[in-house]
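Participant: Submitted below is the structure of interest, expressed as structure tokens.
The values are calculated or read from the model by the stated rules, or taken from the named source; none is laboratory data. All figures in this text were calculated on a predicted structure; none of them were measured in a lab. Virtual Cβ from ideal backbone geometry, glycine too; neighbours counted across all protein chains shown. These accessible areas exclude ligands, DNA and RNA; they are computed on the full protein's heavy atoms, side chains included. Shrake-Rupley method; radii C 1.70, N 1.55, O 1.52, S 1.80 Å.
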Amino acid sequence: MRGTKVVVIGAGVIGLTHAVTAREAGCAVTVLERDGRALGASVRNFGTLWPIGCVPGVEREQALRGVRRWQEIAGVARFWHDPSGSVSLAYRAEAWQVLQEFAGTSADFELLDAAACVRRFPAVNPTGLRGGLFSPAETLLHSPTAIPALAEHVRRLGVTVHVGTPVARVLADHVETSDGRRFEFDRLVIAAGEEMRLFFPEAVAAAQIQPCRLQMMRTVPQPAGFTLGAILVGDLTLCHYPAFRDCPSMPRLRARLQAELPEHHRWGIHVIAAQHADGSLTLGDSHEYGLDLPPDSRPEVDDMILASLREFAVVPDLRIAARWQGVYLKSTVGRTQVVLQPRERVTMVTAMGGLGMTLSWGLAERTISSWRA
Ligand SMILES: Cc1cc2nc3c(=O)[nH]c(=O)nc-3n(C[C@H](O)[C@H](O)[C@H](O)COP(=O)(O)OP(=O)(O)OC[C@H]3O[C@@H](n4cnc5c(N)ncnc54)[C@H](O)[C@@H]3O)c2cc1C
């Protein structure tokens, strides 16, 4: 691998983790980023490293490895991270059933009855609570600062990063930027996020993926002394991540939530509450699919997110300091990561949906080790 010329298109989390991993393998790496810095999904997310959302087995192991890698890098590159874990809270009998079924998939999980949840996590809403599942693995990053810190770390490793450099064309052994510069490669990694379809559109179309837009919010910092204590989620989130799909009670939970909350179902709402270092809470999200989404955010969707938050958390100050949207590609057939090889020496990588921060290190390791084969 030593001296292999690697070009990476995109300085989001997928591009940067590939750059680090290739550099550590001895490659000469160049990253080409269209904007002045990463501004896509990688800096618009919750920042949750979320093994609990990954299917038990290979994918969960990949996620856990990803958490360890992030923790190592956070120590070296000195960015904030909070390894407080997560609590999945159950308010409907079906959700509690799902959690009890799921608890057996890892010795790390701890089932808590309602009283124990409230004792350990005082921000949890006790009304109607049946119990919760504590998982210690989930870790919170603050993406708007962690991703730039990772980019700096990449530079310190000796990777050349060109910002303001959109790649316009991919040729057999080089790429051309919009201002006509050429960058030669032995290996090319395309990690262009939602713009993947600009390159090799036939391969991307065959991969059955579509853009998905999400609405997010951040509260003002909460009063001193208030802490969530962990990342909190409620019943809706159990239906969102693939991890829980094989639980026998999942169809009944899904049916009940769809019947009770049809508008939440329509807009793909589930709710995560994550508290960052300044005391603010990042809240979201919703999911709208397609190529023709209107530019406006939907205030009624934000209201539904806040209503669902109140079901499982008692938050002292729900004034909203910021609202934003993010877009990622999502599989129409339930895959969580896609690696395409549209041409020899060219790898296109996208982590589908809401697990890209969690799975990106594993994806990078897989890509770089495939070059050794
Ligand atoms: C609202 C939201 C919440 C999420 N929450 C979580 C979470 O909590 N945990 C989790 O694990 N995942 C989460 N995700 C998913 C995760 O953020 C994404 O999977 C991940 O950021 C995708 O990374 P990426 O590098 O592929 O894309 P991006 O971050 O979009 O990066 C792609 C980069 O490529 C650049 N680019 C595009 N075209 C070109 C070109 N022609 N030339 C040069 N550069 C180009 C873009 O400018 C961009 O910087 C969330 C996503 C969203 C939107």
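Participant: Heavy atoms only, probe 1.4 Å: what % of the accessible area of the range 272-344 goes to carbon and sulfur, would you let me know?
Facilitator: 51 percent
Participant: Taking the Cα-to-Cβ direction at Asp278 and at Asp246 and moving 7 Å from each Cα, how far apart do the two end points lie in nm?
Facilitator: Inter-label distance under the simple model: 4.2 nm.
Participant: Excluding ligands, DNA and RNA, what is the solvent-accessible area per residue of the chain at a probe of 1.4 Å, expressed in Å²?
Facilitator: 41 Å²
Participant: OK, next. Counting only Cα atoms, I'd like the Rg/Rh figure for the chain, Kirkwood definition for Rh.
Facilitator: Here the Rg-to-Rh quotient is 0.97.
Participant: Leaving ligands, DNA and RNA out of it, report the carbon-plus-sulfur percent of the accessible area of the range 36-119 at a 1.4 Å probe.
Facilitator: Values: 1760 of 3460 Å².
Result for the range 36-119: 51 percent of the exposed heavy-atom area is carbon or sulfur.
Participant: So the label point goes 7 Å from the Cα of Gln208 along Cα→C-beta, right? Which residues of the range 25-67 then have their backbone N under 19 Å from it?
Facilitator: Of the residues in the range 25-67, 55 have backbone N under 19 Å from the label point off Gln208.
Participant: Testing the spin-label approximation: label points 7 Å from Cα along Cα→Cβ at Ala172 and Ala93. State their distance in nm.
Facilitator: 6.8 nm
Participant: Once amide H atoms are built 1.01 Å from N in the peptide plane, which residues 5 or more positions from Ile231, or in another chain, come under 5 Å H to H?
Facilitator: When sequence neighbours closer than 5 places are left aside, the close amide H contacts are Gly85, Ser86, Val87.
Participant: I want to make sure I understand the PRE zone here: with the label point 7 angstrom from the Cα of Leu306 toward its beta carbon, which residues in the range 252-286 have backbone N atoms less than 14 Å away?
Facilitator: Of the residues in the range 252-286, 281, 283-284 have backbone N under 14 Å from the label point off Leu306.
Participant: What is the magnitude of the charge dipole of the range 93-238 about its Cα centre, with +1 placed on the Cβ of each Lys and Arg, -1 on the Cβ of each Asp and Glu, and no other charges, expressed in debye to the nearest 20? The partial results should precede the final answer.
Facilitator: Details: 12 positive and 16 negative charges, 93 e Å.
With Lys and Arg at +1 and Asp and Glu at -1, about 440 debye.
Participant: Follow-up question, since we're still on this one. In whole Hz, with x marking every Gly and Pro, tabulate ³J(HN,Hα) for the range 96-108 from phi via Karplus 6.51 cos²θ - 1.76 cosθ + 1.60, θ = phi - 60°.
Facilitator: After applying 6.51 cos²θ - 1.76 cosθ + 1.60, I find 5, 4, 4, 4, 5, 5, 6, 4, x, 7, 8, 5, 6 Hz.
Participant: Further question: For the range 70-200, what percent of Cα pairs sit more than 19 Å apart?
Facilitator: Roughly 68 percent, once rounded to a whole number.
Participant: Another one. For Glu184 and Arg298, what is the calculated FRET efficiency with R₀ set at 56 Å and r taken between the beta-carbons, to the nearest 0.05?
Facilitator: Values: r = 46 Å, r/R0 = 0.82.
So, using R0 = 56 Å, E works out to roughly 0.75.
Participant: For Thr127 and Ala255, what does the FRET efficiency come to when R0 = 30 Å and r is the distance between their Cβ atoms, rounded to the nearest 0.05?
Facilitator: That gives a FRET efficiency of 0.80.
Participant: Picking from Val154, Ala243, Leu171, whose Cα lies most toward the positive end of the charge dipole for the range 154-256 (charges on Cβ: Lys, Arg +1; Asp, Glu -1)?
Facilitator: It is Ala243, whose Cα lies furthest towards the positive end.
Participant: With unit charges on the beta carbons (Lys and Arg positive, Asp and Glu negative) and the dipole taken about the Cα centre of the range 34-123, which residue among Gln62, Ala90, Cys117 sits farthest to the positive side?
Facilitator: Gln62
Participant: Considering the dipole of the range 289-373 built from charges on the beta carbon (Lys and Arg +1, Asp and Glu -1) around the Cα centre, which of Leu309, Ser370, Met357 is farthest to its positive end?
Facilitator: Value computed over the given set: Ser370.
Participant: Still on this structure: How large is the dipole of the chain about the Cα centre if only Lys and Arg carry +1 and Asp and Glu carry -1, each at its Cβ, rounded to the nearest 20 debye?
Facilitator: Approximately 680 debye in magnitude.
Participant: Still on this structure, I have one more. Work out the FRET efficiency for Val58 and Arg156 from their Cβ-Cβ distance, taking R0 = 45 Å, and round it to the nearest 0.05.
Facilitator: Once the sixth-power term is evaluated, E becomes 0.90.
Participant: Asp186's amide H: which non-local residues (gap 5+, or another chain) put their own amide H closer than 5 Å, with H modeled 1.01 Å from N in plane and none for Pro or chain starts?
Facilitator: Lys5, Val6, Val7
Participant: Can you run phi through the Karplus equation (6.51, -1.76, 1.60; θ = phi - 60°) for the range 177-191 and list ³J(HN,Hα) in whole Hz, with x for Gly and Pro?
Facilitator: For the range 177-191, the Karplus curve yields 8, 5, 9, x, 6, 10, 10, 7, 9, 8, 9, 10, 10, 9, 10 Hz.
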